[in-house]
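Enquirer: Let me begin by handing over the structure; questions about it come next.
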Amino acid sequence: MFRKKISLYPGKCTQLLPEKLMTGHKARMIVEKTCSAITNTALPIRTIPDPGSQKLNWHKPPLTVLVIKKMHDENALSAFTQLVKWLIQEKNMAVYVEKAVFDDAMCSENPVCRGLQKQIKTFEEEKDELTNKIDFVICLGGDGTLLYASSLFQASMPPVMAFNMGSLGFLTPFSFQDFKGQVTQVLEGNAGLLLRYRLKCVICRKDSQMSKIPHVKQIQRSHSTIQSKTHMLVFNEVVVDRGQSPYLCNIDLYVEGKLVTTVQGDGLIISTPTGSTAYAVAAGASMVHPNVPAIVITPICPHSLSFRPVVVPAGVEIKIMVSPEARNSAWVSLDGRNRQEIFEGDSVRITTAQYPVPSVCAKDQMDDWFESLAECLHWNVRKPQKPMPTLIDSPSTNSLTGNSDSSS
């Protein structure tokens with residue numbers, strides 16, 4: 001049986017010889033898996049990967065860290081100043097922070113934050129490319145902060161460690177109280193990983209050059225512009241809905257080039273396993289563990305009693321188009337952002353991206369997920385059933401057991 005190494009930075013699964021390693025990021029992380037990944041392979045043998053085998057292994061110590069904080073939040077700002085100061089002074093790391101953080105009035109009025117600004121490198125979204133600059137990402141906020149961090153890396157993404165400072169915190173397993181010990185453990189490589197699948201979504205306009213490319217896997221970012229937001233890697237879900245129209249959404253759903261159904265309702269959700277516990281679960285989808293290679297298709301308020309959510313294998317190509325019989329256009333949003341209108345002839349093409357988000361686990365893949373289900377969603381919470389009372393000789397228990405008092 002072949003052994004595979006998946007290098008998250010190059011973003012490809014290739015067979016490696018023991019004496020040869022893939023070149024890539026200066027602080028590279030390697031994850032070992034057996035046999036196959038989502039990428040195309042001719043190997044006839046497939047094995048189920050062991051979740052416990054995904055471990056963080058720095059090829060070189062990380063030197064640069066990107067810190068993403070929740071905006072307009074006093075608690076996040078306090079944690080931000082403590083963390084950044086410690087990373088610079090104690091760990092000698094180069095820290096990158098978004099320029100908008102220092103433009104925020106809450107930060108500009110904080111003397112500690114202003115003092116740190118001179119020691120920090122800043123960037124601007126959509127202007128600066130971070131892929132080859134960042135070795136490690138730390139998020140301070142809620143689930144939305146992690147989604148935003150994912151959007152900044154539209155190719156390979158370095159490992160991300162998320163501290164819970166938001167409302168729900170389903171995707172942010174770390175508490176900030178012991179941040180020094182926890183971050184040190186990760187920097188030393190003593191941590192488990194969860195590779196969260198992302199979706200590659202391409203919006204193809206009618207008669208455009210991209211619409212003529214037969215497979216979405218063949219469409220490169222060079223075919224579109226970053227500013228147009230027509231080619232994105234999506235962390236949670238792609239949503240197609242009716243927008244403000246009073247009419248039903250009428251869209252055709254294709255899987256692997258075949259029309260499988262026409263959706264008539266409020267819309268359709270195409271989600272990753274991670275996104276199955278977001279909008280999709282509110283619409284009735286099953287909750288899928290993030291390590292399961294799958295895509296979840298969930299209708300939104302379908303005008304049919306039999307239209308149930310379905311799960312298809314990761315890597316299949318999905319296409320959504322406005323039906324010729326539709327009374328109105330439809331709207332597309334990617335992780336709740338970049339909302340765009342689509343018309344007849346346009347198409348939304350989706351498949352599993354080859355670049356996952358490597359999330360650092362607080363405990364391990366299973367404990368973190370089930371703990372989030374219990375703590376955040378109160379999964380299967382109910383009062384426990386009382387045990388059966390001890391059977392004693394009484395008219396009520398005798399009637400249950402079939403015995404009767406002969407003296408009566």
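The values are calculated or read from the model by the stated rules, or taken from the named source; none is laboratory data. Please read these numbers as outputs of a predicted model, since none were measured by experiment. Positions of Cβ are generated from backbone atoms using ideal geometry, with glycine treated the same way; all protein chains shown enter the neighbour counts. Only protein heavy atoms, including side chains, enter the accessible area calculation; ligands, DNA and RNA are left aside. Shrake-Rupley method; radii C 1.70, N 1.55, O 1.52, S 1.80 Å.
Enquirer: Here are some conditions: (1) surrounded by fewer than 21 Cβ atoms within 10 Å (Cβ to Cβ); (2) small (Gly, Ala, Ser); (3) at negative phi. Gly169 meets all but one. Which one does it not meet?
Expert: It is condition (3) that Gly169 fails.
Enquirer: If you don't mind, there's one more thing I want to ask. If I filter the range 364-379 for residues that are small (Gly, Ala, Ser), touching a Pro at 6+ places or on another chain (Cβ under 6 Å) and either at pLDDT below 95 or open to solvent by less than 50 Å² (accessible area, probe 1.4 Å) (or both), do I get at least one hit?
Expert: no
Enquirer: Does Pro324 satisfy the criteria of being more than 29 Å from Asp364 (Cβ to Cβ), surrounded by fewer than 23 Cβ atoms within 10 Å (Cβ to Cβ) and of a type outside the set (A, V, I, L, M)?
Expert: In short, yes.
Enquirer: Checking the conditions here, which among Lys180, Lys200, Lys212 is farther than 16 Å from Val234 by Cα, in contact with a helix residue (DSSP H, G or I) (Cβ under 7 Å, 6 or more places away or on another chain) and charged (D, E, K, R)?
Expert: Lys180
Enquirer: Do you know which residues across the range 249-259 are open to solvent by 80 Å² or more (accessible area, probe 1.4 Å) and outside any strand (DSSP E or B)?
Expert: Once the filter is applied, which keeps residues that are open to solvent by 80 Å² or more (accessible area, probe 1.4 Å) and outside any strand (DSSP E or B), the range 249-259 yields only Glu256.
Enquirer: Any residue that is in a helix (DSSP H, G or I), surrounded by 13 or more Cβ atoms within 10 Å (Cβ to Cβ) and modelled with pLDDT of 85 or more - is there at least one of those in the range 216-229?
Expert: For the range 216-229, residues in a helix (DSSP H, G or I), surrounded by 13 or more Cβ atoms within 10 Å (Cβ to Cβ) and modelled with pLDDT of 85 or more: present.
Enquirer: Which condition number in (1) open to solvent by 10 Å² or more (accessible area, probe 1.4 Å); (2) under 30 Å from Pro61 (Cβ atoms); (3) assigned to a helix (DSSP H, G or I) is the one that Val183 fails?
Expert: The number of the failed condition is (1).
Enquirer: I'd like to verify a number: residues in the range 30-52 that are under 24 Å from Asp367 (Cα atoms), modelled with pLDDT of 50 or more and out of contact with any strand residue (DSSP E or B) (no Cβ under 6 Å at 6 or more places or on another chain), how many?
Expert: Number of matching residues: 4.
Enquirer: Given the conditions (1) out of contact with any Cys (no Cβ under 9 Å at 6 or more places or on another chain); (2) open to solvent by less than 80 Å² (accessible area, probe 1.4 Å); (3) in contact (Cβ under 8 Å) with a residue 40 or more places away in the chain; (4) closer than 25 Å to Gly275 by Cβ, report the number of the one that Val65 does not fulfil.
Expert: (4)
Enquirer: Here is a further query. Among the residues of the range 92-131, count how many are more than 27 Å from the chain's Cα centre (by Cα) and of a type in the set (Val, Ile, Thr).
Expert: 2
Enquirer: Still on this structure: Going by the structure shown, is Ala162 open to solvent by less than 20 Å² (accessible area, probe 1.4 Å), more than 17 Å from Leu63 (Cβ to Cβ), in contact (Cβ under 8 Å) with a residue 12 or more places away in the chain and in a strand (DSSP E or B)?
Expert: The answer is yes for Ala162.
Enquirer: Tally up the residues in the range 108-149 that are of a type in the set (S, T, N, Q), open to solvent by less than 30 Å² (accessible area, probe 1.4 Å) and in contact (Cβ under 8 Å) with a residue 60 or more places away in the chain, please.
Expert: Here the count works out to 1.
Enquirer: Any idea how many residues of the range 232-248 are part of a loop (DSSP other than H, G, I, E, B) and either open to solvent by less than 10 Å² (accessible area, probe 1.4 Å) or β-branched (Val, Ile, Thr) (or both)?
Expert: 1
Enquirer: Which residue pairs have Cβ atoms under 8 Å apart, sit 6 or more places apart or on different chains, and have a first residue in the range 193-207 that is farther than 22 Å from Arg339 by Cα and assigned to a strand (DSSP E or B) and a second that is open to solvent by 10 Å² or more (accessible area, probe 1.4 Å) and among the basic types (Lys, Arg)?
Expert: Leu193/Lys55
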